[in-house]
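The values are calculated or read from the model by the stated rules, or taken from the named source; none is laboratory data. Just so it is clear, the structure is predicted and the values come from calculations on it, not from any experiment. Neighbour counts are summed over all protein chains in view; Cβ atoms, including those assigned to glycine, are modelled from backbone coordinates with ideal geometry. SASA here: full protein model, heavy atoms, side chains in, ligands and nucleic acids out. Shrake-Rupley method; radii C 1.70, N 1.55, O 1.52, S 1.80 Å.
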Amino acid sequence: MRVHRAVRAAALAEVSIGSVRSCASRPRFLCLNAASRGTGARVIGRGQGAQRYFSESRSVRAAAAEAVLKQAAADPSALSQETIIENLDHVERGRLARIRNIGIAAHIDSGKTTATERVLFYTGRINAIHEVRGKDAVGAKMDSMELEREKGITIQSAATFCDWVKKEDGKEEKYHINLIDTPGHIDFTIEVERALRVLDGAVMILCAVSGVQSQTITVDRQMRRYNVPRISFINKMDRMGANPFKAVDQINQKLRIPAAALQVPIGSEDSFMGVVDLIRMKAIYNDGPRGEVIRETDEIPESVQKLAEERRAMLIETLADVDDEIAEIFLDERTPTPEQMKAAIRRATIALKFTPVLMGSALADKSVQPMLDAVCDYLPNPSEVENLALDRRRDEASVKLVSYNSLPFVGLAFKLEESNYGQLTYIRVYQGSLKKGMNVFNARTDKRVKVPRIVRMHSNEMEEVPEIGAGEICAVFGVDCASGDTFTDGGLPYSMSSMFVPDPVISLSIKPKTTKDTGNFSKAMNRFQREDPTFRVHVDAESQETIISGMGELHLDIYVERMRREYKVEVETGQPQVAYRETITENVNFDHTLKKQTGGAGDYARVVGFMEPIEPGPTGYGPSKFRQEVTGGSISEKYLFACEKGFLASCEKGPLIGHPVLGVSMVVNDGATHMTDSSEMAFKNATQQAFRKAFKEARPQVLEPLMKTTITAPNEFQGNIVGLLNKRNAIISETEIGPEDFTLTADCSLNAMFGFSSQLRAATQGKGEFGMEFSHYAPAPGQLQKELVAKHEKMQADRHKK
C-alpha cells in the first residue's frame with residue numbers, strides 16, 4: 001500500500017498549488033487533513049468513474065500538502081501565511097479559525113487571575129466565582145497551589161481551556177480558547193517567557209490607576225521577543241483615581257506601540273456602569289447577579305456622547321497611520337464602516353503595528369465579555385502565526401512549520417510539572433497531530449518515546465483526550481524530557497529554538513537540618529531544577545556548600561517553603577561562604593628545626609630561608625611560588641621535593657582564616673639533616689610549621705573578591721544607584737548615559753553585594769537590572785579582617801574542645 005501511495009504521489013508531484021486551484025472540475029479548497037492511508041479507497045454504491053475521481057482528487061490534495069511542505073522547507077520566506085491559509089481544507093480552516101491560544105500577562109496585582117476567573121465563569125468552565133483572597137478560603141481556580149492561595153500571588157503559570165459563544169448579527173459562533181494565566185512577579189519571569197514562547201496572542205492587563213508599570217515594560221519586552229500580538233485591557237475601572245486614557249497614552253509613549261481605545265467608560269470610579277463600543281457606537285451594560293447578562297443599547301448617555309465621538313475620531317486616525325485601507329478612506333474624507341474598522345484592527349494587531357485597548361473591572365464583573373469578543377475578533381488563530389524550526393540536516397537552516405493535520409508531527413515541550421501520576425509535560429502542537437499511543441522522537445536526545453496519555457489541563461484538573469490537532473496545547477504523561485525539547489514523528493530532522501532563560505541574580509547556601517532528610521533533599525533539588533530553568537544548584541568546590549541560585553529572594557523563599565511542605569524537609573539557609581584569600585605584606589626570615597624523639601627512629605629536619613610577598617600584576621594577585629637556593633648539598637633533592645609539597649599543602653589552607661594563600665614566595669636556602677631520623681615526612685612537616693610561623697610574622701592580610709558589576713536602569717534613578725554603590729564602598733569605573741537608560745560599571749566587594757537585587761528593585765521601581773562577574777582580589781577592609789580572624793579562631797577553639 002505504501003508503494004502504491006508513493007507511486008501516486010510521484011506521478012502527481014508536478015501538480016502545483018496554482019494549477020489545482022485553477023481546475024474548474026475540482027473544489028477551490030484542498031482537503032489536506034484527509035486520511036493518508038492508501039489512495040485507492042473504495043466507494044460503495046458508486047460507479048467506477050466516481051471511484052476513480054475520488055481517488056485522484058485525494059492524491060492531488062496529498063500532493064498539494066506535500067508541495068506546501070517542500071516549499072516551507074526549501075524557501076520559508078517565499079511561503080506566505082496567506083498561501084498556507086488558502087490551501088487549507090475547509091473543515092480544517094473552520095477548526096483553526098475558531099481556536100485562540102492566549103496568555104494573560106501584566107504587572108503584579110493588576111488583576112490577571114481575577115480576570116481569568118471571570119473568563120472561566122462566563123464561558124461555563126466553572127460554576128461559581130472565588131476571589132484570590134476571598135473570605136470563603138477557596139481561592140481562585142487558577143491558583144491551585146496551596147502557597148498561591150495563602151500568599152494571594154500566582155507562582156506557576158496555569159493552563160486551561162474554554163469555549164466562548166460569540167454572538168454577532170444574530171449568529172452564534174463557538175470559539176475554543178486555550179488560556180494560560182501567568183505570574184506578575186519578576187522572580188517568576190521564566191513562567192511568562194515559556195508561556196509567550198508557545199502562544200499566538202496575549203491580553204496585557206493594566207491598572208486604570210497606575211497605568212504602565214515596571215513589570216508591564218518587562219512583559220512588553222518578552223512579547224516583542226516572541227512576536228506575540230496583544231490586546232490591552234485596562235482593569236480596575238471602579239477604583240478611585242481610575243483614568244484609562246492616561247494608560248492609553250502611556251502605552252503609546254512608554255511601550256512605543258500605537259494604541260487607541262475601542263471603548264469609553266460610562267461613569268467612573270464608584271459609579272462605573274459600563275462602556276460604549278466606539279466601533280458600533282453602542283452602550284454595553286452588565287446585568288445579573290454576577291454580570292453574566294449583556295445588555296446592549298443604541299442610547300449612549302449624553303455625558304459621554306461627545307467623548308465617544310472624539311475618541312472614535314482618534315481611533316480612525318490611529319488606524320489610518322498603521323493600515324493602508326483605512327488611510328485611503330481617511331484621506332478621501334469618508335467614514336469607514338464597522339466591518340472595515342474591525343478588519344483593519346485585526347490586520348494591524350496581527351502585524352504587531354497596533355494594540356486595541358478595552359476597559360472594564362473584573363472584580364466588579366463589568367465588561368469582561370467584550371474583552372473575550374475582542375480576543376476572538378483581533379487575535380490570530382494558529383494558522384495566521386509564522387512559526388519557524390531549524391533543519392538539522394541543512395546546518396540549522398530555517399524552515400516554516402505549517403499547521404496542517406495531515407503533515408508530519410512537530411511539537412515543543414515548554415513546561416514540566418511533577419504530578420501524582422509522574423512527570424506531566426506541556427506540549428504545543430505546531431504541525432500534524434499527536435495521537436494517544438503514538439511514537440514520537442526527541443530531537444535533542446534522538447530517543448523514541450511512546451505517548452501513553454494525552455490530557456487537556458484545567459488548572460490542576462485534567463481531561464483525557466485521544467488526539468490533539470495542529471495549533472492546540474495539551475499535556476502528556478510518561479514522556480521523559482527537558483523543558484524546551486522538540487518532538488517529531490521521526491520523519492523530519494527539525495528542532496525548534498527554546499525560550500530565553502535569564503541568568504540568576506541571587507544565591508543562598510542551603511543544607512538539610514538532619515542527615516536523614518538528605519534523600520528527599522536531593523529529590524526536591526532535581527525536580528525543581530527540571531521544572532524551572534532559572535533555578536540552579538551547584539556545590540561550591542572550596543566550601544563544599546550546596547548553593548542555590550534564582551531570580552530573587554521571593555523565588556528562593558518559595559522553593560525553600562515548597563521543600564518543607566511537599567518533601568517534609570526542614571532546611572537551613574544562609575549567605576554563601578565568600579571565597580576569601582590570604583597573603584603577606586612584609587619579608588620575613590625563618591629558621592625552623594623539627595626534632596622529635598620516640599622509642600625508635602625519630603623525626604629531624606631543619607629548614608632555613610625567607611618568605612616575601614609577590615607584587616600583584618595587572619590581573620591582581622598571582623599564585624604562590626616555592627624556590628630552593630640550597631648550596632653545598634645541606635638538604636638532598638628528595639627532601640627539597642618534600643619541602644615543596646609541604647609549602648603547597650600550607651597554601652591550600654592558610655593560617656589566618658583557613659582560606660587559600662595567594663602572592664607569597666617561599667625560598668629555602670639552607671638546612672640540616674640527620675643520618676637516621678630525617679625523612680620526607682619530617683621535611684614536609686617542618687616546612688609547614690615554618691610557613692605557619694613566618695606567615696603570622698609577615699603582617700598577613702585577608703583578600704576579598706571584587707566583582708565587576710554592570711547596572712542598567714532609567715536615567716531618573718542614577719542618583720539612587722550611585723548612593724547604593726557608595727554605601728557598599730564600590731569603585732565606579734565607567735558611566736555611559738543613553739537617551740533613556742544609563743549603564744554604570746563598578747568594582748564592588750562580593751560580600752557587600754548580598755541582598756543587592758532586592759534593594760536595586762526598590763530603588764528603581766523594579767526597572768533596574770544588574771550582572772556580576774569576578775574581577776580580581778583586593779585587600780579587605782580592616783574591620784572585616786578582624787571579624788573574619790576572630791570567627792576562625794573561635795571555630796578552631798570550639799573544634800579543640802570537642
Task: Yes/no for residue 773 being among the acidic types (Asp, Glu) and over 25 Å from residue 619 (Cβ atoms) - done: no
- [ ] Would you mind finding the one in 210, 214, 232, 268 that is within 17 Å of residue 318 (Cβ to Cβ) and of a type in the set (Ser, Thr, Tyr)?
- [x] 232
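Condition first: in a loop (DSSP other than H, G, I, E, B) and either more than 24 Å from residue 740 (Cβ to Cβ) or open to solvent by less than 30 Å² (accessible area, probe 1.4 Å) (or both). Now tell me which residues in region 254-272 satisfy that.
255, 257, 262, 267, 268, 272
Out of all the residues in region 286-302, is one or more of a type in the set (Lys, Arg) and surrounded by 14 or more Cβ atoms within 10 Å (Cβ to Cβ)?
No, because not a single residue in region 286-302 is of a type in the set (Lys, Arg) and surrounded by 14 or more Cβ atoms within 10 Å (Cβ to Cβ).
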- [ ] Need at least 2 residues that are open to solvent by 20 Å² or more (accessible area, probe 1.4 Å) and in contact (Cβ under 8 Å) with a residue 12 or more places away in the chain per element, so show me which strands (runs of 3 or more DSSP E) inside region 490-607 make the cut, counting only ones lying wholly within it.
- [x] 506-512, 536-539, 571-574, 588-596
Task: Pick from region 211-223, criterion surrounded by fewer than 20 Cβ atoms within 10 Å (Cβ to Cβ) and touching a residue at least 12 places away in the same chain (Cβ under 8 Å), ranking: farthest from residue 101 (Cα to Cα) - done: 214
- [ ] Can you confirm whether region 458-476 contains a residue that is outside the structural domain of residue 179 (by the TED database), at positive phi and either of a type in the set (Ser, Thr, Tyr) or open to solvent by less than 60 Å² (accessible area, probe 1.4 Å) (or both)?
- [x] yes
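Only one of 179, 96, 120 is of a type in the set (A, V, I, L, M, F, W, C), in a strand (DSSP E or B) and at pLDDT 85 or above; which?
Only one candidate passes the filter, namely 179.
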Open item on the list: Let me confirm something: among 228, 275, which residue is open to solvent by less than 30 Å² (accessible area, probe 1.4 Å), closer than 24 Å to residue 338 by Cα, aliphatic (A, V, I, L, M) and in contact (Cβ under 8 Å) with a residue 24 or more places away in the chain?
Closed with: 275
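Wholly within region 719-802, which strands (runs of 3 or more DSSP E) include no fewer than the required count, namely at least 3 residues that are open to solvent by less than 50 Å² (accessible area, probe 1.4 Å)?
Passing ranges, in order: 741-749, 769-779.
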TODO: Test each condition in (1) touching a helix residue (DSSP H, G or I) at 6+ places or on another chain (Cβ under 7 Å); (2) charged (D, E, K, R); (3) under 24 Å from residue 788 (Cβ atoms) for residue 572 and report the one that comes out false.
DONE: (1)
Open item on the list: Just checking, does region 388-410 include any residue being modelled with pLDDT of 90 or more and buried (at least 20 other Cβ atoms within 10 Å of the Cβ)?
Closed with: yes
TODO: Can you tell me which residue among 356, 336 is buried (at least 20 other Cβ atoms within 10 Å of the Cβ) and in a strand (DSSP E or B)?
DONE: 356
